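Here is the structure we will look at, set down as structure tokens.
The values are calculated or read from the model by the stated rules, or taken from the named source; none is laboratory data. Every value quoted in this text rests on a predicted model; they were computed, and no experiment measured them. Here the Cβ positions follow ideal geometry from the backbone for every residue, glycine too, while neighbour counts run over all protein chains shown. Side chains included, ligands, DNA and RNA excluded: accessible areas come from the protein's heavy atoms. Shrake-Rupley method; radii C 1.70, N 1.55, O 1.52, S 1.80 Å.
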Amino acid sequence: MDVDSFIKDAVADIKVSVRDGKAIIALSGGVDSSVCAILAYRALGERLIPVYVDTGLMRKGETDRIREVFKFMDPKIVDASGQFFAALKGVTDPEKKRKAVGETFIRVFEQVAQDIKADYLLQGTIYPDRIESEGGIKSHHNVGGMPSHIAFKGVVEPIADLYKDEVREVARALKLPEEISERMPFPGPGLSVRVIGEVTPEKIAVAREANAIVEEELVHQYHPWQCLAALLEKGTGVKGDNRCHGWIIAVRAVESRDAMTANHMELPWKTLNRISSRITSEIPSVARVVYDITPKPPATIEFE
Ligand code: XMP
């Protein structure tokens, strides 16, 4: 792929697709939506309205970082966490969670789009998203989870033919900060797929802290393709003199090329010990930490 001509063509295509209309983009802070936002900003300037939806399912500090990095585009920040938790209430099936998050996402956008009279929705769907959705492996919130009645004139997907490493190349060429161009993939449904079973604000808060610790300990030192913490069930532990019933956190770190297959990383014991002791001491409601040693297949990267 020639990056410069890709950028030129993508910008030209967005101009043609949106004509003199307005477009909104779901800015999540991931490399995919960030690249799309920059391409669209080049094509449309202020006719692009970047919208960051705080789903309540994002990682620690994510909203503040987005606000900072994209402030030149004046992104609209929408706190919709209440709507997402309401949609997820009682939902335990992983695919239903994805649908619940995806549909809420689109509804929130439709509302913002109506308010600002936007005609088009720009999306950062990439090639592997389409393959996995078409193959029926799972429904990505930005593909299979989309409701059929969308109040937009059209959906524009400028990087739908790119693989992840190509998106990162484009991100570097667009001079996005390294924290975004090299950012690990993070699922559209956010931390909801890192909580087994029903999603509640309390469980998400625990998963958020645990994910932050795992990232702090692993990202810069080991450069995993992806690392994460998932909240499983409750199990018995001992804290102080008492037996307690606390959360079990599973830590996962994988190497991969395109997320279709992955291998669990062989991390040093001292690193795993450090993660375990940090999680159990910094998050008092956690009683136990386990490390996932399953490749994909048969496991997936996420726990749901
Ligand atoms: P799995 O868990 O299927 O994940 O091995 C492969 C890659 O996709 C990410 N992932 C998602 N991304 N919406 C997304 O946008 C989703 O519903 C979703 N589920 C998984 C996962 O983080 C990994 O990078």
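Number of residues in the range 1-54 that are in contact with a strand residue (DSSP E or B) (Cβ under 6 Å, 6 or more places away or on another chain) and part of a strand (DSSP E or B): the value is 10.
On the basis of being in contact with a helix residue (DSSP H, G or I) (Cβ under 6 Å, 6 or more places away or on another chain) and more than 21 Å from A212 (Cα to Cα), does I49 make the cut? Yes; evaluated as a whole, the condition is true for this residue. Of all residues in the range 247-266, those that are more than 30 Å from G235 (Cα to Cα) have Cβ atoms under 7 Å from Cβ atoms of residues that are of a type in the set (G, A, S) and open to solvent by less than 50 Å² (accessible area, probe 1.4 Å), 6 or more apart or on another chain, in S256/A262. If a residue has to be at negative phi and within 16 Å of the ligand (Cβ to nearest atom) to count, how many in the range 249-304 make the cut? Going through the range 249-304 one residue at a time, the tally reaches 28. How many residues does the range 19-33 contain that are open to solvent by less than 10 Å² (accessible area, probe 1.4 Å) and farther than 21 Å from R107 by Cα? So the count comes out to 1.
Go through the range 188-234 and give me each residue that's under 23 Å from F70 (Cα atoms), within 16 Å of the ligand (Cβ to nearest atom) and out of contact with any Leu (no Cβ under 9 Å at 6 or more places or on another chain). Listed by number, the residues that qualify are G188, V219.
Here P158 meets each of (1) assigned to a loop (DSSP other than H, G, I, E, B); (2) buried (at least 22 other Cβ atoms within 10 Å of the Cβ); (3) within 16 Å of the ligand (Cβ to nearest atom) with one exception, condition (3).
Restricting I275, I249, I301 to residues that are surrounded by 14 or more Cβ atoms within 10 Å (Cβ to Cβ), under 24 Å from D165 (Cα atoms) and not hydroxyl-bearing (S, T, Y) narrows the list to I301. No other residue among N263, N242 is of a type in the set (S, T, N, Q) and at pLDDT 95 or above apart from N263. Output the number of the condition that D93 fails; it satisfies all remaining conditions of (1) open to solvent by 60 Å² or more (accessible area, probe 1.4 Å); (2) touching a residue at least 24 places away in the same chain (Cβ under 8 Å); (3) not basic (K, R). (2) is the only condition that D93 fails.
Looking at the range 162-225, what helices (runs of 4 or more DSSP H) fall wholly within it and have at least 1 residues that are closer than 15 Å to F84 by Cβ and of a type in the set (D, E, K, R)?
Passing ranges, in order: 201-222.
Considering only residues of the range 64-81 that are of a type in the set (V, I, T) and part of a helix (DSSP H, G or I), which is most open to solvent (accessible area, probe 1.4 Å)?
Looking only at the range 64-81, we keep the residues that are of a type in the set (V, I, T), and these are 66, 69, 77-78.
If we keep only those that are part of a helix (DSSP H, G or I) too, we end up with 66, 69.
Details: I66: 4, V69: 38 Å².
Step by step, filter the range 64-81, then rank; the result is V69.
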